[in-house]
Amino acid sequence: MSDSAAEKFDALVALIRDVKPSLNNTQITPEHSVVEDLGLDSLDILQLSRKVNRDFGGTFDLEEWESDSDTHHRSVGSILRHIDPATV
């Protein structure tokens, strides 16, 4: 992962922890599913998408990302790839 990608990943992890503070002591990897592994529910994901759009420049389309969930299983890395395909 490049420095830029690592910075984006760290920023995304901080947003996930902001949405779900119980994850503060949990190691989060790009492979973790935000639903199955990290326990975010639909309202958490909506809140996360708003924060991602605010902090990453409005490039995260939640509906489009959800439509591909069979492929990416709602992984943390898939959010980064959706924001910037060159990131991960």
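The values are calculated or read from the model by the stated rules, or taken from the named source; none is laboratory data. What you are looking at is a predicted structure, and each value in this text was computed from that prediction instead of being measured. Glycine also receives a Cβ, built like all others from the backbone with ideal geometry; neighbour counts cover every protein chain displayed. Heads up: the accessible areas ignore ligands, DNA and RNA and are worked out on the full protein's heavy atoms, side chains in. Shrake-Rupley method; radii C 1.70, N 1.55, O 1.52, S 1.80 Å.
Structure notes:
- Within segment 60-71, the residues that satisfy the criterion of being in contact with a His (Cβ under 9 Å, 6 or more places away or on another chain) and farther than 21 Å from R17 by Cβ are D61, E64, D68.
- Number of residues in segment 57-70 that are at pLDDT 90 or above and not polar (S, T, N, Q) equals 6.
- Here is the figure for segment 10-30: residues that are within 12 Å of I79 (Cβ to Cβ) and open to solvent by 20 Å² or more (accessible area, probe 1.4 Å) total 2.
- Subset of segment 73-82 [open to solvent by 30 Å² or more (accessible area, probe 1.4 Å) and part of a helix (DSSP H, G or I)]: R81, H82
- Number of residues in segment 36-72 that are buried (at least 16 other Cβ atoms within 10 Å of the Cβ) and in a loop (DSSP other than H, G, I, E, B) equals 4.
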